[in-house]
Amino acid sequence: MRPARIAAFGLLVALAIAPPALAQGGKAKPADSARADAPRRADRDSLIPAGFGTLRQDQIAIRVQTLGLTVSAIPLEESVIRTLAPDSYRTLHALRESKKLALEALRTRNGLTRVQAWLVSFFNVQQGDARFDAFDLLVHSVGQDFRPLDALPLTPGFGDGRVAQRGRQDAIYAFDPQVDLNQPLTVTALGQQTTVWGDAILPLIERERSLVWSRSSAAKP
């Protein structure tokens, strides 16, 4: 067999036994793509630095209203509150830390790896006192319904279930950590339902996280 034909025959054999990625012009295999994407996923999932956010508390609050009573709920996970302006971040961080021991006791009692803390506030703008059921709050996440494990009062009289006219009552609520704050949520309270977390708040938070990374990088000497 002539040398040219031998070379051509050898090339055909090599292509026949080569892995599909090589035989199709060297396209990356799925495992290779996953490895290449790992650094990007790590950047996306890692915790943003504190002190570089600009959002206000009202921008990340889930609100439900009926008549003159309003419920406001803010998840206190670091990945969420670090998107806030520094003063707001420090305030909410301190609130969660003020209930650290009670939250840890709840975690132990329920056999969980951790608990997810939320700040829940009841506002009353109607005339006279307004009644509320502290545990009439439901979070639907990733196909499951979650009710609070407990409510840890921040204001006197929270346990009475009453808000004075133009007053407010606050508590730190503990939820199962399976509530996925990186996915849309449906929150039900006061007989009303809202999907504002996935519709508006989560996209805003994700955008702010990207901006925080940019600001923190620019601030490095």
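The values are calculated or read from the model by the stated rules, or taken from the named source; none is laboratory data. Nothing here was measured: the structure is a model prediction, and the numbers come from that model. Cβ placement follows ideal geometry from the backbone for every residue including glycine, while neighbour counts extend to all protein chains displayed.
Condition check ((1) in a helix (DSSP H, G or I); (2) small (G, A, S); (3) crowded, with 18+ Cβ neighbours inside 10 Å) across all residues:
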position: Q126; (1), (2), (3): no, no, no
position: R166; (1), (2), (3): no, no, no
position: P177; (1), (2), (3): no, no, no
position: T188; (1), (2), (3): no, no, no
position: D199; (1), (2), (3): yes, no, no
position: V212; (1), (2), (3): yes, no, yes
position: S217; (1), (2), (3): yes, yes, no
position: P221; (1), (2), (3): no, no, no
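When the residues of region 76-106 are filtered to those that are under 14 Å from D58 (Cα atoms) and of a type in the set (S, T, N, Q), the one that is surrounded by the most Cβ atoms within 10 Å (Cβ to Cβ) is T83. On the given criteria, is A130 closer than 22 Å to D180 by Cβ, in the same structural domain as Q169 (by TED's automatic domain parsing) and in contact with a strand residue (DSSP E or B) (Cβ under 6 Å, 6 or more places away or on another chain)? So A130 does not fit the description; no. Being in contact (Cβ under 8 Å) with a residue 40 or more places away in the chain and within 17 Å of D170 (Cβ to Cβ): is that true of I74 here? In short, yes. Of all residues in region 134-163, those satisfying the criterion of being aromatic (F, W, Y) and either not assigned by TED's automatic domain parsing to the domain that holds A174 or not in a loop (DSSP other than H, G, I, E, B) (or both) are F146, F158.
Candidates R209, R168: the one that is at pLDDT 95 or above and either in contact with a strand residue (DSSP E or B) (Cβ under 7 Å, 6 or more places away or on another chain) or not assigned by TED's automatic domain parsing to the domain that holds Y89 (or both) is R168.
Looking only at region 135-164, residues that are surrounded by fewer than 15 Cβ atoms within 10 Å (Cβ to Cβ), at positive phi and of a type outside the set (V, I, T) come to 2 in all. Among residues of region 158-172 that are within 15 Å of D133 (Cα to Cα), those with a beta-carbon under 6 Å from a residue that is of a type in the set (V, I, T) and loosely packed, with under 15 Cβ neighbours inside 10 Å at least six positions away or on a different chain give the pairs Q169/T155; D170/T155.
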